[in-house]
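Working notes for the structure below.
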Amino acid sequence: MTPRPLLAILALKETKAWEVDTLRGHTNNVSCVIFHPKYELIISNSEDRSIRVWDISKRMGVQTFRRENDRFWILAAHSEQNLLAAGHDSGMIVFKLERERPAYDIYNGRMFYVKDKYLRMHEFGSQRDVPVVSLRRGGHSQPSGLGNGPRSLSYNTLDQSGSSVLICSEADGGSYELLTFNADA
């Protein structure tokens, strides 16, 4: 059997197996495939020098990691922490699939951050934490969350007429969302 640079999803029933779907994206032999222990994800690596993360329900790639000089051979995911280990030609790397700390900005005793599709404001003095405005774009906080969270959030300190925040995300190949609101309401 000739190796193929794709992942086949198979259904098994007693002594029979058949191909249900195929995940395409690798350009060379796939070396290792694992299920993520917490998310509905499949993680694969390949001799094409990439690690790909696949959403099981959507059956599509959601992230790709590359290492230009080494082929990947083996993968392992930590069962409780957000860690993934990958063995390659010259050693091993351990990394996180997604950031654990949300993007935020602090201004005038207040912290602004995104949670559950809302821009939220936390006041340090009163410990009040409230949603400020709903996000217009859905890509910042999907249930799987992988790679969709904001990469940065910047509060506009020069806006005298109200308050505004610029949220930068890698969703849809890179996107920006400008939110304006009344922070004193």
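With the requirement that a residue be at pLDDT below 85, within 16 Å of the chain's Cα centre (by Cα) and of a type in the set (S, T, N, Q), what does region 130-185 give you? Selection gives 141, 142, 144, 148, 169, 175.
Can you find a residue in region 24-45 that is within 22 Å of the chain's Cα centre (by Cα) and of a type in the set (Gly, Ala, Ser)? Yes: one or more hits. Scoring residue 120 on the criteria (1) touching a residue at least 24 places away in the same chain (Cβ under 8 Å); (2) crowded, with 17+ Cβ neighbours inside 10 Å leaves a single failure, condition (1). In region 13-30, the count of residues that are without any contact (Cβ under 8 Å) to a residue 60 or more places away in the chain, closer than 25 Å to residue 170 by Cβ, in a loop (DSSP other than H, G, I, E, B) and among the hydroxyl-bearing types (Ser, Thr, Tyr) is one or more. Looking at 34, 43, 51, just one residue is within 16 Å of residue 85 (Cα to Cα), among the β-branched types (Val, Ile, Thr), touching a Cys at 6+ places or on another chain (Cβ under 9 Å) and at pLDDT 90 or above, and that residue is 43.
Within the bounds of region 98-115, is there any residue that is over 30 Å from residue 135 (Cα atoms) and in a strand (DSSP E or B)? Checked against the condition, which is being over 30 Å from residue 135 (Cα atoms) and in a strand (DSSP E or B), region 98-115 yields no hits at all. In region 84-99, of all residues being modelled with pLDDT of 90 or more and surrounded by 13 or more Cβ atoms within 10 Å (Cβ to Cβ), the one that is nearest to the chain's Cα centre (by Cα) corresponds to 84.
Being of a type in the set (Phe, Trp, Tyr) and either assigned to a loop (DSSP other than H, G, I, E, B) or open to solvent by 50 Å² or more (accessible area, probe 1.4 Å) (or both) is the requirement here; does residue 54 meet it? The answer is no for residue 54.
Under the condition of being of a type in the set (Val, Ile, Thr) and open to solvent by less than 100 Å² (accessible area, probe 1.4 Å), which residue from region 5-23 is modelled with the highest pLDDT?
Here the residue is 22.
The values are calculated or read from the model by the stated rules, or taken from the named source; none is laboratory data. On a predicted model such as this, the values are computed, not experimentally measured, just so you know. When we count neighbours, we look across all protein chains shown, and the Cβ atoms used for this are built from the backbone with ideal geometry, even at glycine. Side chains are part of the model used for accessible areas, which takes the heavy atoms of the whole protein and leaves out ligands, DNA and RNA. Shrake-Rupley method; radii C 1.70, N 1.55, O 1.52, S 1.80 Å.
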